[in-house]
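Visitor: Next up is a structure, given as structure tokens.
The values are calculated or read from the model by the stated rules, or taken from the named source; none is laboratory data. Source: prediction; values computed, not measured. Cβ: placed from backbone, ideal geometry, glycine included. Neighbour counts: every protein chain shown. Accessible surface areas use protein heavy atoms only, side chains included; no ligands, DNA or RNA. Shrake-Rupley method; radii C 1.70, N 1.55, O 1.52, S 1.80 Å.
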Amino acid sequence: MFLVCGDALFDMFLEREDGPGAATYAARAGGSPFNVAIGLARLGQASGLLTGLSSDLLGQRLAQVLADEGVSTAYAIATDRPTTLSLVGLDTHGVPAYQFYDSSDTGVRPE
């Protein structure tokens with residue numbers, strides 16, 4: 001089994017702005033290690049993810065995506081901390097810029 005260690009989060013992509021107080025975002029489950037574990041499973045390799053997974057709504061969705069993809073969550077550490085979010089926007093050249101709001105996956109401790 002491949003055990004991938006790292007973040008599991010939701011990327012929030014700014015899709016459009018409708019005036020000064022309104023914006024529309026698209027949310028996608030992700031994080032590089034999260035995606036690597038899924039990629040390994042899709043290639044027929046047993047994989048698991050070592051990360052903090054929140055008990056909140058988004059954390060439950062992340063766990064469901066992993067289960068649906070055949071990735072083991074046996075090494076995931078349950079936490080009450082909110083799921084980590086990444087806000088993603090594009091600069092004038094189309095290059096993504098990220099702002100992270102770390103929480104659940106950064107709560108993993110050695111003990």
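Visitor: Summing Lys, Arg as +1 and Asp, Glu as -1, what charge do residues with Cβ under 9 Å from the Cβ of A26 carry, A26 excluded?
Guide: Every neighbour counted, the sum reads -1.
Visitor: Would you mind telling me the share, in percent, of accessible area of the stretch 26-89 contributed by carbon and sulfur at probe 1.4 angstrom?
Guide: About 56 percent, which is the carbon plus sulfur part of the accessible surface.
Visitor: So what's the net charge close to S86: Lys and Arg +1, Asp and Glu -1, counting the other residues with Cβ under 10 Å from its Cβ?
Guide: Residues close to S86 contribute a combined charge of -2.
Visitor: Calculate the dipole size of the stretch 17-111 relative to its Cα centre from +1 charges on Lys and Arg beta carbons and -1 charges on Asp and Glu beta carbons; express the result in debye to the nearest 20.
Guide: 260
Visitor: Helix 32-42 sits at what angle to the longest principal axis of the chain, using alpha carbons and giving 0 to 90 degrees rounded to 10?
Guide: It works out to around 50 degrees.
Visitor: So in the chain, what percent of DSSP beta bridges are antiparallel if you round to the nearest 5?
Guide: In the chain, DSSP labels about 55 percent of beta bridges as antiparallel.
Visitor: While we're on this one: Based on Cα coordinates alone, diagonalise the gyration tensor for the chain, multiply each eigenvalue by 5, take square roots, and list the semi-axes in whole Å, largest first.
Guide: 27, 16, 12
Visitor: Can you tell me the 0 to 90 degree angle between the C-alpha axis of helix 57-69 and the longest principal axis of the chain, rounded to 10?
Guide: Between helix and principal axis, roughly 60 degrees.
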